[in-house]
Amino acid sequence: MKRIKNITGKRILVSDLSRGHSASKDQIERAILRVLDSGWYVLGLELEAFEREFARYNGSRYAVGVASGTEAIQIALMALGIGRGDEVITIPNTAIPTAMAIVAAGATPRFVDVREDTQNIDETKLKESITKKTKAIIPVHLYGNPCEIEGVLRIAGQHGLYVVEDACQAHGASYNGKKVGTFGDLGAFSFYPTKNLGCYGDGGMIVTDDRKLAETVKLLRNYGQKTRYACDMEGINSRLDEIQAAILRVKLRRLNSFNKRRRHIAALYQKCLAEMGEMRLPMIGDNTRQGVFHLYVIRCQKRDALRSFLAKRGIETQIHYPVPLHLQKAFAHLGYSRGDFPVAEKLVREILSLPIFPELTDREVVRISALIRKWYGYPR
């Protein structure tokens with residue numbers, strides 16, 4: 001992409017990881033040194049401790065660390081016996097890894113359109129996508145905003161389907177007071193560096209209340225081995241390493257404060273960008289759902305022109321995600337066409353992610369908002 005010259009002001013990134021590291025630098029460095037001094041780097045005490053702490057945080061009975069959020073979804077499906085010949089339903093406006101995890105498990109992704117207000121799965125349209133081959137639904141808590149998970153569970157129950165929650169962007173989000181990721185048969189989380197709870201590389205976690213599923217997941221992440229050199233089933237190599245677990249233990253202690261700060265930033269954006277008819281702001285939440293604003297995504301006409309205007313003034317924005325999955329070349333063989341999921345297709349033409357991360361200052365939020373109001377011709 002052509003670099004746009006910054007004509008004024010300090011550059012503000014969508015997510016500035018260097019600022020986040022500075023905030024916890026000393027604790028994280030001590031945690032890393034603790035692992036290095038131990039001489040044990042895979043499937044050790046740090047991971048065991050983090051699994052217990054993450055399970056406790058989410059209110060789940062079990063948590064199993066894996067190598068990425070993608071493999072968390074893949075292994076969850078494998079643990080349920082889902083594979084070749086099976087279909088799994090998810091949404092078309094999510095990140096590519098959601099669908100690729102289905103493919104990696106050997107199954108076929110199928111899609112259902114989303115609600116325009118939340119941009120999450122439209123549970124009222126689920127029945128249209130269920131076939132005799134459907135074995136599971138993967139609802140995505142997109143951008144850290146809880147979906148209508150109870151509606152999904154109701155339909156899944158009526159049709160005998162499993163539910164694997166993609167909570168990869170929703171650490172700490174809740175629905176009716178219960179943490180997302182804990183409603184379905186299994187929940188999948190990502191610890192990619194940009195996530196609300198991110199490590200310094202790839203990492204993931206699977207949570208469940210089912211002891212047998214947890215035991216199966218543990219086998220699957222480690223080649224199918226129950227004991228060393230004894231393979232009980234076909235598995236893969238997908239383990240959250242000790243250094244990343246130690247880092248995540250440090251950051252988990254601050255997750256609630258991180259999320260509180262994200263909600264504050266989102267509320268400030270809402271205040272600064274109010275009363276602009278050309279723009280639609282994300283849902284802040286209500287008594288039912290409490291989001292964690294992994295992303296702050298506005299909807300606007302002339303999105304690309306606004307994005308260029310902000311870039312020239314040092315404000316980075318992104319589009320999450322510009323091409324819906326059913327129109328990706330990799331999934332052309334599924335037989336979908338443009339127009340099959342009109343809401344998702346409409347959204348990708350309008351969405352724009354503004355900067356949001358815990359270390360973003362109120363002054364920076366006001367500056368970004370003032371530039372947007374200026375572009376639209378609204379007074380500050």
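The values are calculated or read from the model by the stated rules, or taken from the named source; none is laboratory data. Computed from a prediction, not measured in an experiment: that's the story for all the values here. Cβ sites come from the backbone with ideal geometry, for glycine too, and all protein chains shown count toward neighbours.
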Open item on the list: Let me spell it out: the conditions are (1) touching a residue at least 60 places away in the same chain (Cβ under 8 Å); (2) closer than 18 Å to Arg303 by Cα; (3) surrounded by fewer than 19 Cβ atoms within 10 Å (Cβ to Cβ), and Lys374 meets all of them except one. Which number is the exception?
Closed with: (1)
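It is to be established whether one or more residues within segment 320-328 are outside any helix (DSSP H, G or I) and under 11 Å from Leu352 (Cβ atoms). Talk me through it step by step, then tell me what you get.
Restricting attention to segment 320-328, the residues satisfying the condition of being outside any helix (DSSP H, G or I) are 320-324, 328.
Checking the rest, the ones that are also under 11 Å from Leu352 (Cβ atoms) come to 320, 322.
Checked segment 320-328: at least one residue is outside any helix (DSSP H, G or I) and under 11 Å from Leu352 (Cβ atoms).
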Open item on the list: Just the residues that are touching a helix residue (DSSP H, G or I) at 6+ places or on another chain (Cβ under 9 Å), in a loop (DSSP other than H, G, I, E, B) and closer than 23 Å to Asp362 by Cβ, please, taken from segment 274-294.
Closed with: Met276, Leu281, Pro282, Ile284, Gly285, Gly291, Val292, Phe293, His294
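Each row is one residue, and each column tells you yes or no for (1) assigned by TED's automatic domain parsing to the domain that holds Ser353; (2) surrounded by fewer than 24 Cβ atoms within 10 Å (Cβ to Cβ); (3) within 19 Å of His320 (Cβ to Cβ); (4) of a type in the set (Asp, Glu).
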site	(1), (2), (3), (4)
Cys168	no, no, yes, no
Ala173	no, no, yes, no
Leu219	no, yes, no, no
Asn222	no, yes, no, no
Gln225	no, yes, no, no
Ala245	no, no, no, no
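Quick grid of which residues meet (1) outside the structural domain of Arg221 (by TED's automatic domain parsing); (2) surrounded by fewer than 16 Cβ atoms within 10 Å (Cβ to Cβ); (3) modelled with pLDDT of 95 or more:
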residue: Gly9; (1), (2), (3): yes, yes, no
residue: Leu13; (1), (2), (3): yes, no, yes
residue: Ala31; (1), (2), (3): no, no, yes
residue: Val35; (1), (2), (3): no, no, yes
residue: Glu46; (1), (2), (3): no, no, yes
residue: Arg52; (1), (2), (3): no, yes, yes
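In this structure, is Leu354 in contact (Cβ under 8 Å) with a residue 24 or more places away in the chain and not assigned by TED's automatic domain parsing to the domain that holds Cys168?
Values: in contact (Cβ under 8 Å) with a residue 24 or more places away in the chain: yes; not assigned by TED's automatic domain parsing to the domain that holds Cys168: yes.
Yes.
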Open item on the list: Could you list, ordered by first residue, the pairs with Cβ atoms under 9 Å in which the first is in segment 186-207 and over 15 Å from Phe357 (Cα atoms) and the second is among the β-branched types (Val, Ile, Thr) and assigned to a loop (DSSP other than H, G, I, E, B), at least 6 apart or interchain?
Closed with: Gly187/Val180; Ala188/Ile138; Val207/Thr182
Open item on the list: Kindly evaluate Val297 against the criterion of being crowded, with 18+ Cβ neighbours inside 10 Å, assigned to a strand (DSSP E or B) and either at pLDDT below 95 or not assigned by TED's automatic domain parsing to the domain that holds Leu197 (or both).
Closed with: yes
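Does Leu306 satisfy the criteria of being closer than 15 Å to Phe111 by Cα, in contact with a strand residue (DSSP E or B) (Cβ under 7 Å, 6 or more places away or on another chain) and assigned by TED's automatic domain parsing to the domain that holds Glu364?
Numbers: closer than 15 Å to Phe111 by Cα: no; in contact with a strand residue (DSSP E or B) (Cβ under 7 Å, 6 or more places away or on another chain): yes; assigned by TED's automatic domain parsing to the domain that holds Glu364: yes.
Here the answer is no, as Leu306 does not meet what is asked.
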- [ ] Have a look at Lys251, Lys271 and point out the one that is closer than 22 Å to Val14 by Cα, assigned to a helix (DSSP H, G or I), of a type in the set (D, E, K, R) and touching a Leu at 6+ places or on another chain (Cβ under 9 Å).
- [x] Lys251
- [ ] Residues being part of a loop (DSSP other than H, G, I, E, B) and surrounded by 17 or more Cβ atoms within 10 Å (Cβ to Cβ): count how many of those fall in segment 227-243.
- [x] 6
- [ ] Could you tell me whether segment 316-332 includes any residue that is closer than 26 Å to Ser15 by Cβ, of a type in the set (A, V, I, L, M), in contact (Cβ under 8 Å) with a residue 12 or more places away in the chain and in contact with a Cys (Cβ under 6 Å, 6 or more places away or on another chain)?
- [x] no
Task: Residues satisfying the stated conditions in segment 292-331, i.e. touching a Pro at 6+ places or on another chain (Cβ under 6 Å) and either more than 24 Å from Ala170 (Cβ to Cβ) or of a type in the set (D, E, K, R) (or both) - done: none
Task: Residues (surrounded by fewer than 23 Cβ atoms within 10 Å (Cβ to Cβ) and over 18 Å from Val217 (Cβ atoms)) located in segment 98-111 - done: Met100, Val103, Thr108, Pro109, Arg110
Task: Qualifying position, being within 21 Å of His141 (Cβ to Cβ), crowded, with 18+ Cβ neighbours inside 10 Å and of a type in the set (A, V, I, L, M, F, W, C), among Val292, Val365 - done: Val292
